Amino acid sequence: MNLEIKPLTPELTADFFDFFDSRAFSDNSPEGPCYCTRFQMTKEQEKAELFGQVDACGGGSVGFMCALRKIAECQIKSGVLQGYLAFVDGVSIGWCNANDKANFPIESGNGAHFYAPAEKREKVVACFEIAPDFRGKGVATALLQRVVADAKAEGYTAVESYPRLRDKRYEWDFTGPIRLYEKVGFIKVSEQDNAVVMRKDLTI
């Protein structure tokens, strides 16, 4: 498999949307439709910029997707939405939302609490999405390894993620399973609600 991983930039906007529109949820995942926007939005922004713009975009599910897409476009252009796209033979087949904690609000629109001051120099891996035909082939592992390598090169002190505690495998596990993080050297530091805090110290 000719796998290539690239950081998301405005130049890759078309590839980002091609992945989410064409392959990400082709198996009817309950996590879709999604452009990975809500982590970066406050509840107030979500109300005004998303739900407040649905009718202006035509209403219904079409209007919702239109408004969501516009938010994603703005987030990519401004650099608020960050992460990595995975490509096979030039086609985008995977995504990982990996971002500086300071780029997240104190409380995201979906209730996530990832924020930390910029001076802490910590990153969060918020989610993965892999095209169904490419799951179980090491794409998420390669994405996570790239996140860690770049974070260390950029002077970050740690990378964290918060996979869910589950009794059995869940096909649409957007946080990724605990074993994925263990494979890349993350360790469990605590449990919060129904999630595990997995952390990779980059200062060692």
Take the solvent-accessible surface of the protein heavy atoms, probe 1.4 Å, and return the percent of it on segment 90-203 that carbon and sulfur atoms account for. 48
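Assuming 0.36 nm per residue, please report the length gained on full extension of the stretch K188 to A153 beyond their Cα-Cα distance.
Numbers: separation 35, 0.36 × 35 = 12.60 nm, distance 2.31 nm.
Full-extension gain reported as 10.3 nm.
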At most 10 other Cβ atoms within 10 Å and a DSSP loop assignment: could you name the GluC sites (Glu not before Pro) in segment 108-204 that fit? E171
Along its principal axes, what span do the Cα atoms of segment 151-204 show, with the longest given first and each in whole Å? 35, 20, 15
The correct pair for segment 19-95, radius of gyration to one decimal and Dmax as a whole number, both in Å and from Cα atoms, is 13.2, 40
Do any cysteines of the chain lack a neighbour Cys whose Cβ is under 4.7 Å away, and which are they? C34, C36, C74, C96, C127
Could you put M65, M41 in order of accessible surface area, largest first, with the 1.4 Å probe and the full protein assembly present? M65, M41
In the P(r) worked out for the chain, what percent of Cα pairs fall beyond 19 Å? 61
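Kindly point out which whole DSSP H helices in the chain project their C-alpha atoms 24 angstrom or further along the helix axis while averaging a Kyte-Doolittle hydropathy of 0.0 or above. Write down the numbers at each step before the final one.
Values: long enough: 60-78 (27 Å, 0.45).
Helix filter hits for the chain: 60-78.
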Log10 I(q)/I(0) at q = 0.19, 0.20, 0.27, 0.28 Å⁻¹ for segment 98-143, from Debye over equal alpha-carbon scatterers, is -0.67, -0.71, -0.89, -0.93
Mind listing the phi-derived Karplus ³J(HN,Hα) values for segment 102-114, rounded to whole Hz, using 6.51, -1.76 and 1.60 with θ = phi - 60°, and x for any glycine or proline? 5, 7, 9, x, 4, 9, 6, x, 8, x, 6, 10, 9
Accessible surface, per residue, of segment 47-204 when the full set of protein chains is kept, probe 1.4 Å, Å²: 50
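Want the number for V197 to K137: 0.36 nm per residue separation, take away the alpha-carbon distance, what's left?
On the way: separation 60, 0.36 × 60 = 21.60 nm, distance 2.47 nm.
Gain on stretching V197 to K137: 19.1 nm.
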On the Cα set of segment 99-185, report Rg and Dmax in Å, please. 13.6, 40
Per residue, how big is the convex hull around the C-alpha atoms of segment 1-45? Give it to me in cubic angstrom, could you? 117
Give the lysines reachable from K6 as a straight Cα distance under 29 Å; neighbours fewer than 8 places away on the same chain don't count. K70, K77, K101, K120, K123, K137, K152, K183, K188, K200
For the chain, what is the mean residue ellipticity at 222 nm derived from helices alone (per DSSP H run of n ≥ 4: -39500 (n - 2.57); sum divided by total residues; nearest 500 deg cm²/dmol)? -7500 deg cm²/dmol
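What does the extension gain come out to for W172 and D21, with contour length at 0.36 nm per residue minus their alpha carbon separation? Walk me through the intermediate numbers first.
On the way: separation 151, 0.36 × 151 = 54.36 nm, distance 1.66 nm.
Extra length available between W172 and D21 comes to 52.7 nm.
The values are calculated or read from the model by the stated rules, or taken from the named source; none is laboratory data. Note that the coordinates shown come from a computational prediction; the quantities given were computed from them, not determined experimentally. All Cβ positions, even for glycine, are placed from backbone atoms using ideal geometry, and neighbour counts span all protein chains on display. The area values use the complete protein model at the heavy-atom level, side chains included, leaving out ligands, DNA and RNA. Shrake-Rupley method; radii C 1.70, N 1.55, O 1.52, S 1.80 Å.
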